[in-house]
Amino acid sequence: MTGPAALARTEGIIDGSGAAAAIEALLPIGVRHRQLKVRALLTGMMLTLADDRPAHLTRVHSALTTLPAEDQARLGVVEKWKTGPHQLTYRQVERTFNLVADALGKDEPDGAPSGDLAGVCDDLLEASIPAACKNASAALAADWTDVETWSRPPRHGTTQCADPEAHWGHRNSNLPGPKGEMFFGYYLSAATMTREETGPAVPELARRMTLSSCELDPVRALAAVLTRMAAAGIPLGDILDDSGYAHRDAEAWAIPLRRAGAQLIQDLHPHDRGPRGTHAGAIIANGNLYCPATPKPLLELGPLPPGAAPGDVTAHDAQTAELAKHKLGPISADDADGYHRVMCPAVMGKLRCPHRPESMTLDRGHPEILTPPEHPPACCTQQTITVPPQVAAKTRQKHDYPSAAHRRSYARRTSSERTFSTIKDPATTTIARGWCRLMGVTPLALWLACLLAIRNQRILHAYGTRQEQNTRRAAAGLPPKTRKRRRQTLASLAGGPP
């Protein structure tokens, strides 16, 4: 990612985003001439990150002043002054960056990015995705991670510190001991492109990001970014998220995204699973409506644990298939107000019910309701019922939970975890504490947007290399190269025969 090719790609992203011109228009016109322009500043920031250096302004100055002489002259790193050629100084880098941070920040910081900053981050990430990949997939995997601030937290009993926008947050840990711990800083949320359910593999590029204080809800912050993305004309497809998103109020996540055209595929929180009330007599469970006589064990099915045995997977899939036969099936899509209609499963021919005499002619292979309700509710007396948008608004999703189709589709969400693993790898770029010593939402968000844009270029390069290898192997009659799983046994460690 270094050399003339990296410089050309970096400048192409900056020019394609229009971010430099937009920021320049916000900067005050000073009395003295400013040698470093915003375009050159963003170029230096991206070159710094492309070379796996931390997000320090001294590194930006070094990256710009070590460019070839012709590039330094073109970018304004070296200018002709009255006393002769003048090379950019660190103080000039610091001054331009401070002007940019002030212009993109808020008059009264509240832990959330300003509209101008959010627009710049969106434009930089969108410009880092080539035109051939923009429509490769509309599916996005959402997640958030921790970003520690350089500031020390406030002393016990006080609220004063060097970074007033930072706040205490919680993160999960894979280290031995407690699985969670507190940190002081921000939440970084990102939406990563992933393949369609039946589509080919696509490069897992970070499409959108946002940064917010841990005092604010990262779910609401990312929902605003994604709805803004849909308003800009970029369609939303499948949105894959974990129970941290699904457990929020429907107005915080599910309803805005559903209104924007997205289809949710999410893991339900344990508190949201199983029966949760009724509507017109039908049982609300896991985002769907079920027959009032559905067996309770089926309604209380949970997801498979990781690494389940093949026999357990087969048995679980058979149970979820049986549960699907008791579901009231949709017969219409949501209208403009979010209403839709569903039909009794016996009327649809999925099960046998004495309240529906015509269904009793079905063969014995269909489930049969042995104890129908003594006083049939509306879902049993009407062929169809209307479902308003507030019914199961938080848990309704594309596939039945926890069916095999849902499990296969939800497995794509790991692309979001890979996004964060690449920017937290100590071998390359790591956003651990000290990576950036600038404090506040605005400097950190601008650096992180540049980092994800550079990360997208690395993903594109690796993806293109794999595609070329597969093409060459196909031409030679060889299968695509697969990843080998190396496993050491006790015998191999002991040096004995396998």
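The values are calculated or read from the model by the stated rules, or taken from the named source; none is laboratory data. The structure displayed is predicted, hence computed values, not measured ones. Glycine gets a Cβ as well: all are built from the backbone with ideal geometry, and neighbour counts include every protein chain shown. Accessible surface areas use protein heavy atoms only, side chains included; no ligands, DNA or RNA. Shrake-Rupley method; radii C 1.70, N 1.55, O 1.52, S 1.80 Å.
Taking each of LYS134/LYS394; LYS179/LYS327; LYS296/LYS398; LYS179/LYS398 in turn, the alpha-carbon distance tops 26 angstrom for LYS134/LYS394; LYS179/LYS327; LYS179/LYS398.
Here's the picture: charge each Lys and Arg Cβ at +1 and each Asp and Glu Cβ at -1 in the stretch 253-362, and of LEU299, PRO357, GLY287 the one pushed furthest to the positive end of that dipole is PRO357.
Each listed q (0.16, 0.18, 0.25 Å⁻¹) maps to a log10 I(q)/I(0) for the stretch 325-402, found by the Debye formula over equal Cα scatterers with no solvent: -0.66, -0.81, -1.19.
Determine, for each peptide in 295-304, 259-268, the mean count of other beta carbons within 10 angstrom over its residues, then list the peptides with the highest first. Please list the in-between numbers first.
Values: 295-304: 14.9, 259-268: 19.8.
Top of the packing list down: 259-268, 295-304.
Across q = 0.10, 0.14, 0.18 Å⁻¹, the stretch 136-225 modelled as identical point scatterers on its alpha-carbon atoms has Debye log10 I(q)/I(0) values of -0.36, -0.63, -0.86, in the order of the q list.
In terms of its Cα atoms, the stretch 316-445 spans 73, 35, 23 Å along the principal axes, sorted from long to short.
For a Förster distance of 51 Å, can you work out the FRET efficiency between the beta-carbons of ALA69 and LYS296, rounded to the nearest 0.05? In this case the efficiency is close to 0.10.
Of the two radii for the chain, the radius of gyration is 1.06 times the Kirkwood radius, both from the alpha carbons; that is the Rg over Rh value. For the stretch 265-315, the alpha-carbon coordinates run over 39, 22, 17 Å along the three principal axes, in decreasing order.
Taking only protein heavy atoms and a 1.4 Å probe, what accessible area per residue, in Å², does the chain have with all protein chains in place?
50
Given in Å, the Rg to one decimal and the Dmax to the nearest whole number for the Cα atoms of the stretch 190-346 are 17.8, 51. Each Lys and Arg Cβ is given +1 and each Asp and Glu Cβ -1; about its Cα centre, the stretch 291-384 then shows a dipole of about 240 debye. Please work out the C-alpha center-to-center distance from the stretch 311-362 to the stretch 1-38 and express it in whole Å. If you average the Cα positions of each part, the centres end up 58 Å apart.
Can you send over the carbon and sulfur percentage of the accessible area for the stretch 263-314, probe radius 1.4 Å, protein chains only? Mind showing how you got there, number by number?
Details: 1410 of 2390 Å².
The value for the stretch 263-314 is 59 percent carbon and sulfur by accessible area.
Can you spot the aspartates and glutamates whose alpha carbon is less than 18 Å from LYS424's alpha carbon? Ignore those fewer than 8 places along the same chain. Correct list for LYS424: ASP51, ASP52, ASP143, ASP146, GLU148, GLU181, GLU204. Rg then Dmax, both in Å and based on the Cα atoms of the stretch 390-445: 18.2, 48. Sequentially through the stretch 328-337, phi angles give Karplus couplings (6.51, -1.76, 1.60; θ = phi - 60°) of 6, x, x, 10, 8, 7, 5, 7, 4, 9 Hz, Gly and Pro residues having no value and appearing as x.
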